[in-house]
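Input: a single structure, listed below in structure tokens.
The values are calculated or read from the model by the stated rules, or taken from the named source; none is laboratory data. These numbers were taken from a predicted model, which means no experiment stands behind them. So basically every Cβ, Gly included, is an ideal-geometry build from the backbone, and we count neighbours across all protein chains shown. Just so you know, the surface numbers come from the protein's heavy atoms only, side chains and all, with ligands and any DNA or RNA stripped out. Shrake-Rupley method; radii C 1.70, N 1.55, O 1.52, S 1.80 Å.
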Amino acid sequence: MKANKYLVFVILFNLIGSTLCSQQVYFNNRYHLSGSESFYASTSIFEYNDNYYMTGATDDTINQSWRWVFFSIISDSGGVKSTKYLGNNANDYYPAWPGSFAEHENNFFFAGNMRYYGPFHQAGLLVKLNSNLDTIWSKEYIGDLSLPYDSNQHFNNMHICEDGSFIFTGELYYGQQPSQMVLLKADTSGNQQWVKYFGATGLNAGYSVIQTSDDGFAIGGFWYVPGSSEYTGDPIVIKTDSLGNKEWEKNLGGPHQDNSAILYTGPDGSIIVGTLYADSMSGNNPIHGDPYSRIHIVKLDIEGNVLWDKKYGKSDYKYNYLTNIRCLDNGSIIACGTRPRGWPIPPGRSGWAMKVTADGDSLWYRYYELLLGENSQNQLKDIIPTSDNGFLACGYVFPMQPDTGTQDAWVIKLDSMGCDTPGCSTGVGIENPPSPVPRTPYLQI
């Protein structure tokens with residue numbers, strides 16, 4: 001009897017194991033979405049009904065004279081199902097930063113920008129699309145409504161609030177004058193309700209915005225005051241009430257040139273901040289040097305108190321960027337970005353992704369490359385959790401010899417350990433398993 005029970009257990013174990021393994025999908029794909037010489041760069045992606053919906057920057061497919069935006073549907077196995085475009089031959093169109101393409105109640109919303117040339121000015125843009133990526137309506141947001149439209153209002157990020165309304169952040173500037181951080185609220189139909197500006201002097205820009213657990217808002221941005229004795233650009237977090245009135249401000253920078261703050265709301269109502277921390281500057285020149293930076297993640301409560309503050313890895317020179325950060329339901333955190341390939345610095349770059357626990361303890365960090373030429377670029381812009389308990393990241397690749405082709409969108413499908421192939425190492429970087437993999441008669445876990 002015991003032998004029969006053991007046999008049943010082994011059969012069930014093998015069936016369940018094979019089912020689980022068969023559900024995991026990996027791919028590492030480069031996408032050129034037309035027959036033209038247009039470039040493609042993916043900036044945001046999300047999952048919906050077993051497909052992935054991606055947007056990003058491109059140019060017109062006729063003579064590549066105008067900046068356009070593309071939208072693509074990708075199957076869960078990595079194949080392109082359809083691609084559509086937003087653009088014309090009178091304006092330039094640009095996507096906002098990662099996370100600015102999202103689904104809400106079976107409709108899709110895209111945030112970006114439009115540039116006019118007669119007279120020259122720039123406006124923030126919100127577009128509502130259906131699941132076939134057809135435009136339902138669009139709204140523009142101009143900073144100065146009176147002619148000659150001498151202001152440029154630029155959206156860097158959008159967040160869809162719980163009630164379906166919208167909150168945007170970015171910057172407002174006049175010519176070469178210092179910029180102000182923007183916080184703009186719109187209703188569910190995209191009609192502007194109010195706008196607030198922060199920062200009276202210097203360069204002030206918002207790059208990330210969230211709705212907080214008390215129905216207020218938080219902006220993650222970057223502030224720099226020109227003429228400072230030292231280039232101490234800092235990541236800034238501003239917390240407001242539901243009407244955009246500032247409640248507190250937090251500077252998370254150090255003595256050197258850091259990076260912008262990217263925000264996400266934790267499941268416990270906390271504010272998760274991802275940025276970079278500069279340990280030093282090249283050539284001991286604090287003003288004109290380049291930073292050596294580490295990944296920097298901070299957890300704040302709703303009052304702005306630091307719950308934990310951690311830095312990760314070694315300092316990378318200059319081209320180290322954190323581009324997006326997200327929380328999972330269990331409070332763990334994923335982030336992605338781009339890093340240089342080493343020293344001396346070639347133009348080449350690798351994408352990276354990492355995961356930490358809800359307490360900020362590192363679980364894994366990996367870097368990824370599709371193009372292997374020394375000077376080719378592999379840049380990641382966004383990362384999301386997927387329904388098979390893995391992750392999906394997108395960005396772009398830019399080839400340099402011996403790599404060939406055009407700048408293309410790049411999407412990689414990862415498992416729960418951040419591997420883009422089965423059996424990759426559990427340490428830093430991506431390693432392929434030995435071939436052939438040695439077999440053993442014993443069960444290994």
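Taking the stretch 358-429 as the region of interest, none of the strands (runs of 3 or more DSSP E) fully inside it holds 2 or more residues being buried (at least 21 other Cβ atoms within 10 Å of the Cβ) and without any contact (Cβ under 8 Å) to a residue 24 or more places away in the chain. Does G331 qualify as being part of a loop (DSSP other than H, G, I, E, B) and within 22 Å of P98 (Cα to Cα)? It is true that G331 is part of a loop (DSSP other than H, G, I, E, B) and within 22 Å of P98 (Cα to Cα). If the condition is being of a type outside the set (A, V, I, L, M) and touching a Phe, Trp or Tyr at 6+ places or on another chain (Cβ under 7 Å), then the stretch 110-121 contributes F110, G112, N113, P119, H121.
For the stretch 320-350, taking the residues that are of a type in the set (D, E, K, R) and under 21 Å from D290 (Cα atoms), the one that is modelled with the lowest pLDDT is identified as R341. Regarding L307, is this residue among the hydrophobic types (A, V, I, L, M, F, W, C), open to solvent by 50 Å² or more (accessible area, probe 1.4 Å) and modelled with pLDDT of 95 or more? Criteria met by L307.
Condition check ((1) touching a strand residue (DSSP E or B) at 6+ places or on another chain (Cβ under 7 Å); (2) among the charged types (D, E, K, R)) across all residues:
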position: N89; (1), (2): no, no
position: D92; (1), (2): yes, yes
position: M114; (1), (2): yes, no
position: L126; (1), (2): yes, no
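May I ask you to list the residues in the stretch 351-375 that are modelled with pLDDT of 95 or more and polar (S, T, N, Q)? Passing the criteria: T357, S362. When the residues of the stretch 127-157 are filtered to those that are part of a strand (DSSP E or B) and open to solvent by 40 Å² or more (accessible area, probe 1.4 Å), the one that is modelled with the lowest pLDDT is H154.
Quick check: anything in the stretch 304-318 in contact with a Leu (Cβ under 8 Å, 6 or more places away or on another chain) and in a loop (DSSP other than H, G, I, E, B)? Checked the stretch 304-318: no residue is in contact with a Leu (Cβ under 8 Å, 6 or more places away or on another chain) and in a loop (DSSP other than H, G, I, E, B). Using the structure shown, decide if R349 is farther than 22 Å from V25 by Cβ, in contact (Cβ under 8 Å) with a residue 12 or more places away in the chain and in contact with an Asp or Glu (Cβ under 6 Å, 6 or more places away or on another chain). So R349 fails the test. The set of residues from the stretch 85-118 being charged (D, E, K, R) and surrounded by 15 or more Cβ atoms within 10 Å (Cβ to Cβ) comprises D92, E103, R115.
N88 meets the conditions (1) farther than 19 Å from K139 by Cα; (2) in contact with an Asp or Glu (Cβ under 9 Å, 6 or more places away or on another chain); (3) polar (S, T, N, Q) in every case but one. The failed one is (1).
Restricting attention to the stretch 51-79, the residues being under 21 Å from the mean Cα position of the chain (by Cα) and open to solvent by 30 Å² or more (accessible area, probe 1.4 Å) number 3. Considering S315, S332, the condition of being touching a residue at least 24 places away in the same chain (Cβ under 8 Å), of a type outside the set (V, I, T) and open to solvent by less than 10 Å² (accessible area, probe 1.4 Å) is satisfied by S332 alone.
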